Structures are given as C-alpha cells and as structure tokens.
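These notes concern the structure reproduced below.
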Amino acid sequence: MFALPPKADIHGAVLAEMDREQYQQVAVTAGLLAVIVAIASGRLPRWRRIVLVLSLVILAIGAGLFAYRYDSEPTTLTVAAGSFDGAVPRVLSAMAARMASAKSSVRLKVIDRGTALEATKAFAEGKADLAVARADTVDLSIARTVLTVTHGVVLIVVPPGSSIEAMDNLTGKTVGVIASDDNRQVVAAITNAYSLDAAKVQFKDVTPADVSQAFQSEQIQALLVVIPISDKYLAMLRDVFPRNAKAALGLVPIEAAGAIEEISPAYKSYDLPKGTIRGSPPVPDDDLTTLRVPFYLVANKKLSDDVVGALAKSMMEARRELAGEYPLLAQISAPSTDQDAYVPAHPGAAAYFDGNEKTIFDKYGDQFFYGSVLLGSLMSVLAAIWKFMVRDTKGVSQPPTTRLFALMDKINEVRSEAELAKIEQEIDGILKEELDKHSRGGIDAGAMGALSLASHRLEYLMSQRRVALNATTAVRLRA
C-alpha cells in the first residue's frame, strides 16, 4: 500500500515543481477570482465598487497604451556587409541614418564583417537578420532576396602590350585574384570550364595596393577582379597601370560564359559594352563576353512579410534621396520575382515590388469583424458595470417578501415609537412599489398574496411591540 504524504508535504512538492512564473500566475489568478467573487456577492459598498471599476478602467487604458507603444516601436534589423574597399558598409550606414531620420518603421544596424564572404557566413550562422551577399555564396536554404544591390562583373585584366588575348593564352601563367576568398567559386567555375588545372594556370591572392608591384615583378601575368561597373571602380582599375595614351590595358573574354551559366546558375553571361573601361582608344574595342554575378540584400525567410515589405519600401525611398551622394545606390533595383529565380524573392519584397501589398482590410479583416462583435459585447458589459456601480446595496435587488421579513428583527429591537414609525414608512414604501408593479401586470396574484400575509404578520408584530413599549413607559411613570 502506498501512503500519502502529509498535506504540507504535498503542497511543498507541488510548489517545488512549479517555477516562479507559474506560482505568480496562480497567485494573480486567485486574487482576481477573489475580487470577482466579492463583486458578484454584492458585499462591497458602492464607493469601493466605484474605486474598483475605475482602477480596472485605468489598468485597461494603461495596458492599451503599452500595447500601442510596443506596436509602434520601430523594428531594428541587423545587416552584415563587407567589401574589400569598405564601400558597402559605408553606403548602408548612410541609408540606415536616412531611414532613422525619416522615422521609418524599420531601422538598420550595420555590422561590418570585412568581406562579402564573412558577411554571408554571419548571416548563415544567424548573427544577422540581413546580409549583402553574392549569389554564388549565399545559403539558399534560408536566404530570400529583398533588393538587388548591384552586379559584380568578372574582368580578367592584362597589362598593356601583353600577348594574352584569350583564355588559351593563360597556359602556365599566374593570375592574381583580388579578394580570393570571395572569388573562390567563380575561379572554380572558370577553371572547370577551361580545364585550367591541366593548363597549369595558378591563381594568387593579391591586395589592391599590391597589384602594380605584382605585375612589375612578374609575379602575376593577369588579374581577375569582380567589380561593379561604376566610375569609382573603373578608375581604380585604370590606375593599376601607368597612364599611356598609346597603350591601354587589355581584357580577356570569357567566351564560355553561356556554358558556365548553364552549369552554375548563380552566374550570368554578360556582354560588357565597347569602351566601358576607356573611351579612346576604346577598351574593350568591341562588346566583350564575360560573366557577372548579382549582389543581393538577402533576408531570412522567416522574417515577417510586413517587416520585409516595409524595409524594401524604406530602402528604395532612401536610395532616391542618397543616389546623388552615393552613385552606387543608382544600381539598386528590384529582385527577380520569378518563380524560377536562382535566389527566390522574399514574399514581402515581392508583394511590394509587384504592387500586391495587402491593404489594411486584407491584413486585419478578421480583427475588424471580431472587433465589431466584441464591441457590442463590450457595450453590454459597460452597461452592466454602470448598473453595478450605481446599484444600492441595501437590498433593492432582493425580493419584496425577503425585505419585509428582514424588518421583523428590527421591530423586536426598537426602543421608541419613532423607530416604529420609521419602520412603518419603510413597509409602506415596499408595498407601494409592489402595488405599482401589480397595476402594470408585473406581479401575479400569488406574489400579492404572499405580500399580504407578510404585511399582516408585520402589523401584528408592530402592535405587540407598541403594547410592550407602552407598558414599559407606564412602569417608568409610576416609579
């Protein structure tokens, strides 16, 4: 047989299993139940009921204000970014400042991770809500595009007068790579397409500051760089070699760009327009086939559609205002919303750019419907509360027979004729109310009979009490 522990031990065991929050919830619930029971029982005097109801109203208003303030607080999202020249974090910081000054509902906190690859890693590890990432390095299982930030064009550059004019001429050569960690995937794609391993082509990591020296010392014979086509980056590329009007840097086409795109959808075949690098003499001297890879602002697919839609809208507005100061912002555009996009668009961003944003009625239609129902219920509750506040606690809500019988004890306790007269007035008032109700058909004959019996009983008690009072008075006078 199992023996139950003492009651105190059971209580202690239960509390031991409950955490502090659960215990507090139980205590609050018990307190509320006690208040409800006290209210329902009608034991509270009117002034206490008024104070209680006003306190509940103030509490409800405070809770509503807190909820409104919480809901109206801007959402802050962390965005990881990085580039070899630090330009991307600077541009994002400027956009974040503009969004804050415009009191946008979504704000940005920029985290500079040094390189695009490190920014992508931080995003994949959950250390950031957003990231500026290249399509060839982003984690497709969690990333959804918000914006297309820019496109990085793959350029294979050779010094003026070089004999390297095609990929086949790279045999046995060393190619310098700026930001080699970021460009590992594109190097692998080009190597596989042209079998550069078999051609003994080597790739060497170089920094932008070391490129000129690496060419002069013949450590490298070509340079691979992935850059946006903008004045800033094209000027940096032209400055790699001494300016010479008679000779200009050369570009090696990637004729297999279409085949690479078929194998690696992150890359797209791209024709670099004639004269992009230099106008006279034009470099390239004709449209040049190469690759380009998009840079996206990606968001975690779990982010709310409303938040991402508001983010896309705020960033496009900031872009228009800052494009003159930061020319790179002019390249920001809508992401592909096609179903077969390599990196799918976030539903919130797709709705914004496609003009399919939900209206307030689409978003909160159910809330409006149920709110109207609750509003009707609330009006009934308020009416009941008002009746509760003004209700007399002296027995107005009690049946008339109960009120009459309650006077019997008072009759036996009176000490003067004045007190009896007061009770008579109270009886007359009760009978008058009930007779008025009877005249309107509100009371049946049975109830009136009960009232008659009760009134006769009270009349008898009052006559007996008068006799007793008169006898007491006579004894006092003789004495």
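Before moving on, here are some points about what is shown:
- The number of residues in segment 233-292 that are under 25 Å from Pro344 (Cβ atoms), open to solvent by 60 Å² or more (accessible area, probe 1.4 Å) and of a type outside the set (A, V, I, L, M, F, W, C) comes to 3.
- Phe123 being open to solvent by less than 50 Å² (accessible area, probe 1.4 Å) and in contact with an Asp or Glu (Cβ under 9 Å, 6 or more places away or on another chain): yes
- Filtering Thr393, Thr359 for residues that are surrounded by 12 or more Cβ atoms within 10 Å (Cβ to Cβ) and modelled with pLDDT under 85 leaves a single hit, Thr393.
- Scanning segment 188-211 for any residue that is touching a residue at least 40 places away in the same chain (Cβ under 8 Å), within 23 Å of Asp271 (Cβ to Cβ), surrounded by fewer than 17 Cβ atoms within 10 Å (Cβ to Cβ) and not hydrophobic (A, V, I, L, M, F, W, C) turns up at least one such residue.
- Residues (surrounded by 15 or more Cβ atoms within 10 Å (Cβ to Cβ) and either over 46 Å from the mean Cα position of the chain (by Cα) or more than 18 Å from Val154 (Cβ to Cβ) (or both)) located in segment 213-232: Ala214, Phe215, Ile220, Gln221, Ala222
- Count of segment 436-461 residues which are of a type in the set (Lys, Arg) and modelled with pLDDT of 80 or more: 1
- Residue check, Val225 in contact with a Lys or Arg (Cβ under 9 Å, 6 or more places away or on another chain) and in contact (Cβ under 8 Å) with a residue 60 or more places away in the chain: no
- Boolean, Thr145 is modelled with pLDDT of 95 or more, touching a strand residue (DSSP E or B) at 6+ places or on another chain (Cβ under 7 Å) and either buried (at least 21 other Cβ atoms within 10 Å of the Cβ) or among the hydrophobic types (A, V, I, L, M, F, W, C) (or both): yes
Okay, residues lined up against (1) part of a helix (DSSP H, G or I); (2) open to solvent by less than 50 Å² (accessible area, probe 1.4 Å); (3) in contact with a Lys or Arg (Cβ under 9 Å, 6 or more places away or on another chain):
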{"residue": "Val138", "(1), (2), (3)": "no, yes, no"}
{"residue": "Val149", "(1), (2), (3)": "no, yes, no"}
{"residue": "Val154", "(1), (2), (3)": "no, yes, yes"}
{"residue": "Ser162", "(1), (2), (3)": "no, yes, no"}
{"residue": "Asp168", "(1), (2), (3)": "yes, no, no"}
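- Every pair of residues 6+ apart whose Cβ atoms lie under 8 Å, when the first sits in segment 95-124 and is within 28 Å of Val226 (Cβ to Cβ) and of a type in the set (Ser, Thr, Tyr) while the second is open to solvent by 50 Å² or more (accessible area, probe 1.4 Å) and not in a strand (DSSP E or B): Thr115/Phe84; Thr115/Asp181; Thr120/Asp139
The values are calculated or read from the model by the stated rules, or taken from the named source; none is laboratory data. Since the model is a prediction, treat every value here as computed from it, not as a measurement. Positions of Cβ are backbone-derived with ideal geometry, glycine not excepted, and every protein chain shown enters the neighbour counts. We work out accessible area using only protein heavy atoms, side chains counted, and drop any ligands, DNA or RNA first. Shrake-Rupley method; radii C 1.70, N 1.55, O 1.52, S 1.80 Å.
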